[in-house]
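See structure below.
The numbers here are math on the coordinates, done by the rules we state, and not lab data. Keep in mind that this is a model prediction, so the values were computed, not measured. Heads up, the Cβs are rebuilt from the backbone with ideal geometry, glycines too, and the neighbour counts pull from every protein chain shown.
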Amino acid sequence: MQTYWLASYPKSGNTWFRIFLSNLLYPELSPVDPNQLPMSNLIASARGPAQEIMGFNTSLLTSEESACLRPAVDDFIARSWKRSLCLRKAHDAYTHLPDGRPLMGQGPDYKAIYVLRDPWDVAVSAANHWDVSIDKAVKSLCSSKKPAHVDSDITEQFPQHLLSWSRHALSWLNSPMEICLIQYENMHSEPLLTFRKAIRFLGLDHDDEHIKDAIHASEFKRLQRLEVDDGYVETPRKGTRFFRKGVKGEGLECLSSAQLEQLRQQRAIVDKAIGEKAGKV
Amino acid sequence: MLYYRYCGFVIASSTKFPELIEIKSNKGEPLTLIEEGEVPPSNHKKLCFGPNWAVGPDESYWWLNGIVRFRITPGKIIYQAELNASESLIRALLLEAPMILALQYAGAFCLAVSAVSDGSKVDALKFLAGGGASTAAAWQVTRGKTRRLHSDTLLHVSLDDSGCPMAWPQGSGVLLWPKSIELLNLKQQAMRAIRPELPVKRVKISSETGPLPLKTIYRAGFHSRLEESSQEDHNFLQGRRPFRLAALQTAGRLWVDPIGKTADHFSWCLSIARHCRIEKGTEQNLYSGKKDLLSPLKN
């Protein structure tokens, strides 16, 4: 089974896209409950499925040793996948293991939709999600340093290496697999065009009416309302929201000029690479 | 030969297992013999292959490249370790997948859960992997004061004469990370390192010694935030929940069919579904509603 990664830096519209896709693939359940998505929610870095598949407690290994096991687990998941579409969420950058193998596989077995969101808006949203200051979030987005992971605790996910915002994007755009780039801002401004491009990449042939219905059922305001009324499993903390604003340009208003300048540089690096790729095509 | 009890079974080994309690003899009980030796390549056609295992009705292999290879046959585990592999890591690994396979050959199944007992019944805790079920179990034993540890990672559940599930003590303590050890004030407890590279410790706390009925399985996301996350596929646990929970949380569930124990496993899941309740973990039922005691864990 072909694996499609739905790759993005955190807080870039990954969840929103999966809600849209659930509404498209399961119209009988539309509008879907975000807490009970009928399509898989299996993130690439989830520890539980890896433990289940390999049959042991991975807390016995260092994080580097665990990372080396992930490609084989992903291959096994693809081989055993029973549903029609193997689309899996991923926040990891496209990196390589110490032995040179890519962590996230390569074409033709793996393809990826990469969701890109303006870094200034990511910074505001991530600050809320990570419970850090905006300044700290901006620093994270601009830092390419692979965090020196200390195996001092264990969490439900394997450590994810994000790199900087620009290197995250470039790592995927330059990866040896077929990539469909979509921009979060276009998911707002040109939803039909953007979502249609993505689902065609996934090999789906739904017509425009069905796509429009799924977009309508995935409206951000509805998701916000549901989170307030029923809660959402990924709401970061009490008193906060996962589906916070879902707007574009918020960062332009609330970031300092110094913060914005750093992120504009990040954006420029990616825009240049995208331009060069488009030029080559 | 040294004898140890693990998950209700007896291990016979010339290798010392300081993680387990040594017993005098096997008293005619089912025995798993553990030996160091050569493990040949696992290229038999009858085997079903996974990423780090090959399983079949007569023999199975489980390995971690660069660390160790195991060959498991009914009643016997042979291991071949790499020269630089830590002995305690090999023992820790042996007590997981290879023992699960050895138990399955003997028709015994385990739930991948932590569990505590109150002297008359067992409650199992199933959190997300890495979500802190071990910490929650240790909290119930050391802070709640009224419980004893029954299992940390593997809860062997057998069926008694009337078909009721009986849970066997795992007998290997609880694996805890420094933060949990500190928050639970367990620094004075007897504990052993698993390997020099990692600070995770196997801690000995008050533990049950005999089998007791399994009554409840509590599900939660994390010890500090009990709601389940949607990062994993738990959404399908809707209809026929107890049966599916038992089936999906069976340790080594992917090996049941290739080993040839499908029918036995079905009956086992059915018995758990009939006799055990599945409950959502809450601060009340997991931490006696003592938020003040729970709060240090929320860091």
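Things to note:
- Considering only B:S42, B:V55, B:L31, and ranking their Cα positions along the charge dipole of the stretch B:1-62 that arises from unit charges at the beta-carbon of Lys, Arg, Asp and Glu, the one farthest toward the positive end is B:L31.
- Basic side chains Lys and Arg get +1 at the Cβ, acidic Asp and Glu get -1 at the Cβ, and with that the dipole of chain B about its Cα centre reaches some 740 debye.
- Label zone at A:D229 (point 7 Å along Cα-to-Cβ), backbone N below 11 Å, the stretch A:19-35: none
- The charge dipole of chain A, taken about its Cα centre with unit charges on the Cβ atoms of Lys, Arg (+1), Asp and Glu (-1) only, comes to about 440 debye.
- Computed over the protein assembly as shown, Kirkwood Rh from alpha-carbon pairs, angstrom: 25.3
- Normalising the average separation of contacting C-alpha pairs (under 8 angstrom, six or more residues apart) by the number of residues puts the relative contact order of chain A at 27 percent.
- Trypsin sites (Lys or Arg not before Pro), loop per DSSP, at most 14 other Cβ atoms within 10 Å - longest free stretch of chain A: A:146-236
- 3J(HN,Hα) from dihedral phi, the stretch B:90-104, Karplus parametrisation 6.51/-1.76/1.60, rounded to Hz, x for glycine, proline: 4, 5, 5, 5, 4, 6, 9, 3, x, 5, 4, 5, 4, 5, 5
- Most fluctuating residue given options B:A129, B:A246, B:A167, as computed from a GNM of chain B linking Cα atoms under 10 Å: B:A129
- Neighbour-count order for A:V228, A:V32, fewest beta carbons within 10 angstrom listed first: A:V228, A:V32
- The alpha-carbon atoms of the stretch B:111-293, seen along their principal axes, cover 46, 35, 32 angstrom, with the largest extent given first.
- Choice from B:A81, B:A112, B:A137 showing the highest fluctuation, given a GNM over chain B with Cα pairs closer than 10 Å: B:A81
- D (Stokes-Einstein, µm²/s), Kirkwood Cα radius, the stretch B:2-106, 0.692 mPa s at 37 °C: 235
- Considering only A:I274, A:F20, A:P31, and ranking their Cα positions along the charge dipole of chain A that arises from unit charges at the beta-carbon of Lys, Arg, Asp and Glu, the one farthest toward the positive end is A:I274.
- Between the exposed loop cleavage positions of chain B, defined as trypsin sites (Lys or Arg not before Pro) in a non-H, G, I, E, B DSSP state with at most 15 neighbouring beta-carbon atoms within 10 angstrom, the longest gap is B:47-120.
- Taking chain B and dividing mean pair separation by its residue count, relative contact order in percent (alpha carbons under 8 Å, at least six apart): 17
- Inter-part distance where the stretch A:198-267 and the stretch A:50-73 are each reduced to a Cα centre, Å: 32
- A:D213 paired with A:T155, simple spin-label distance in nm, labels 7 Å along Cα-to-beta-carbon: 3.9
- Summing Cβ point charges (Lys, Arg +1; Asp, Glu -1) relative to the Cα centre of the stretch A:1-115 gives a dipole of roughly 240 debye.
- Projecting the Cα atoms of B:L214, B:L248, B:L270 onto the dipole axis of the stretch B:111-293, where Lys and Arg carry +1 and Asp and Glu carry -1 at the beta carbon, places B:L214 farthest toward the positive end.
- Legend: ranking of residues B:M1, A:M39, B:M166, A:M187 from fewest to most surrounding C-beta atoms inside 10 Å; resulting order B:M1, B:M166, A:M39, A:M187.
- Helical mean residue ellipticity (222 nm; -39500 (n - 2.57) per DSSP H run of 4+; nearest 500) of the protein assembly as shown: -10000 deg cm²/dmol
- Put in line by how crowded their Cβ is, counting other Cβ atoms within 10 Å and starting with the fewest, B:I217, A:I134 read A:I134, B:I217.
- Taking all Cα pairs closer than 8 Å and separated by 6 or more residues, the relative contact order of the stretch B:2-106 comes to 20 percent.
- For chain A, a/c is less than 1.5, where a ≥ b ≥ c are the root eigenvalues of the C-alpha gyration tensor. That puts it in the rounded class.
- FRET E, pair B:S206, A:K245, Förster distance 56 Å, beta-carbon r, rounded to 0.05: 0.65
- Partner chain coverage, peptide A:58-71 - average Cβ within 10 angstrom: 4
- Under a Gaussian network description of chain B, with springs only between Cα atoms under 10 Å, the residue in B:I181, B:I21, B:I272 that fluctuates furthest is B:I21.
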